[in-house]
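The values are calculated or read from the model by the stated rules, or taken from the named source; none is laboratory data. What you see is a predicted model, and the numbers here were worked out from it, not measured in a lab. We place every Cβ from the backbone using ideal geometry, glycine too, and count neighbours over all the protein chains shown.
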Amino acid sequence: MAARSNLPRSGFGQRVARDFRLVYFFGTVTQETNKSAPEPGWLQIVLIGRRPKYTLIRILVLVSVVALTTKFVLLPIRVEGISMEPTYRNHKIDCVNRLAYLLHQPMRGDVVAIRFSEPDSLATPKELLMKRIIGLPGENVAFHEGRVYINGHLLDEPYLKSTCDWEHAPILCGPGQYYVVGDNRTMPFEYHVQGRADRDRIIGKVLL
Amino acid sequence: MKTAARVALLLGGAALGFWLWIVLFPSPQKLVLKRISSLAATANVNAADGNFTRANKVSSLISYFSTDAEISFDVPGAGARTLTGRDEIREAAAGGYINLASLKVRFEDVVARIGPDKQTAVVTCTANVRANDSQDTGIQELRFQFRKIDGDWLIVRVETVKTLQ
């Protein structure tokens, strides 16, 4: 309405032309200019489509799907810290597949997300640990001269890019416990967060 | 139409009453969660905070604990330590605030469970701590035990939880 009141008064033809442009731009048709079926303007088509009602439904469906996916299927994460370097760099963005262990149990070599405290009901944990599984339930995990021994057998770890001198007596994983450790073992053993994680704390497998 | 308006008014009144009830008489769980959130806010120290502010923060921090409160820490790389009573906690907090330029504390994934007697509560959460504007954050799972003393929910015990055993 404000735009119309500011139209030039110099001539009828000019006013109609301005009106038409205005109408065409916003995609609304007024009685003065056109009484035929409404034709959406390009801006409306670009912003909300030819049928706003359907566009709204599409947006709602899309938002719901994205929200549900990012909460229950693919949890977006940002890596903080250096304990998984060089495999996962600090500040890298990744995703956790929360459905990875629906059909099978976690496997050796999997990089998993482990929750700290128990979140309330359906809430997604905000803080997670990211570690690699090296020991399975019932196995003995030991470190000798920086190498991992599972039940006395040397574990091949091709993902390690640096050596270390970690020494630790065998640790037995109980039922439902997985031994997890980071890929960056350049720091002293006692400074590196590692150990046995209960199965119910493992919320999924890191995707990439 | 009149009936619909009356029903709407009634529902509105009921909703308002319910909201007022929640605000005026919050559940113990809500009170404990509020307490934890306020504890994190109190523990934060900015680099610009002077000695007077820091001393006030220590006093405020102490008020969250019972006189016989115990804090038991066992953090990888830092060893184990136990603080007993308000005096020890005050001393440790004051020492920490003097040595640290800034401290940012956040409690995430907070879950409060109220005991059947409604006088005790256990809160588990993940503490996210960043000291001296460092890029590295310390993450630690914590368990708080609260007890209602003289109408106030006070912390009687704080302990670190080993996420990995």
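Selection of the stretch B:64-110 for residues being without any contact (Cβ under 8 Å) to a residue 12 or more places away in the chain and in contact with a helix residue (DSSP H, G or I) (Cβ under 8 Å, 6 or more places away or on another chain) yields B:Pro76, B:Gly77. In the stretch B:47-54, the count of residues that are under 30 Å from A:Val193 (Cα atoms), modelled with pLDDT under 90 and surrounded by fewer than 14 Cβ atoms within 10 Å (Cβ to Cβ) is one or more.
To keep it simple, each residue is scored yes or no on (1) within 25 Å of B:Ser102 (Cα to Cα); (2) more than 10 Å from chain A (Cβ to nearest Cβ); (3) surrounded by fewer than 20 Cβ atoms within 10 Å (Cβ to Cβ).
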residue	(1), (2), (3)
B:Val129	yes, yes, yes
B:Asn132	yes, yes, yes
B:Asp136	yes, no, yes
B:Arg143	yes, no, yes
B:Ile149	no, yes, yes
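Of B:Ala14, B:Ala40, all but one fail to be closer than 18 Å to B:Val129 by Cα and in a helix (DSSP H, G or I); the exception is B:Ala40.
Within the stretch B:67-74, can one find any residue that is surrounded by fewer than 13 Cβ atoms within 10 Å (Cβ to Cβ) and either polar (S, T, N, Q) or outside any helix (DSSP H, G or I) (or both)? Scanning the stretch B:67-74, I find at least one residue that is surrounded by fewer than 13 Cβ atoms within 10 Å (Cβ to Cβ) and either polar (S, T, N, Q) or outside any helix (DSSP H, G or I) (or both), so the answer is yes. Of the residues A:Asp156, A:Asp183, the single one that is within 28 Å of the chain's Cα centre (by Cα), modelled with pLDDT of 90 or more and more than 14 Å from every other protein chain (Cβ to nearest Cβ) is A:Asp183. Take the conditions more than 25 Å from B:Asp133 (Cβ to Cβ), within 23 Å of the chain's Cα centre (by Cα) and exposed (fewer than 11 other Cβ atoms within 10 Å of the Cβ) and apply them to B:Val32. Does it pass? No, not satisfied.
Restricting attention to the stretch B:28-43, the residues that are touching a residue at least 24 places away in the same chain (Cβ under 8 Å) and either in contact with a Leu (Cβ under 6 Å, 6 or more places away or on another chain) or closer than 13 Å to B:Ile114 by Cα (or both) total 5. The residue of the stretch A:187-208 that is surrounded by the fewest Cβ atoms within 10 Å (Cβ to Cβ), among those that are part of a loop (DSSP other than H, G, I, E, B) and within 11 Å of chain B (Cβ to nearest Cβ), is A:Pro188. Looking across the stretch B:43-66, the residues that are part of a loop (DSSP other than H, G, I, E, B) and of a type in the set (S, T, N, Q) come down to B:Asn44, B:Asn46, B:Ser63.
Does B:Glu108 satisfy being away from chain A (no Cβ under 14 Å) and within 22 Å of A:Ser117 (Cβ to Cβ)? Here the answer is no, as B:Glu108 does not meet what is asked.
Every residue in the stretch A:64-94 that is touching a helix residue (DSSP H, G or I) at 6+ places or on another chain (Cβ under 8 Å) and part of a loop (DSSP other than H, G, I, E, B), please. I'd like the intermediate steps shown before the answer.
In the first step, residues of the stretch A:64-94 are kept if they are touching a helix residue (DSSP H, G or I) at 6+ places or on another chain (Cβ under 8 Å); the result is A:76.
Residues satisfying the conditions do not exist here.
When A:Ile114, A:Ile45 are checked against the criterion of being at pLDDT 80 or above, more than 30 Å from A:Tyr191 (Cα to Cα) and either loosely packed, with under 15 Cβ neighbours inside 10 Å or assigned by TED's automatic domain parsing to the domain that holds A:Gly195 (or both), A:Ile45 stands alone in meeting it.
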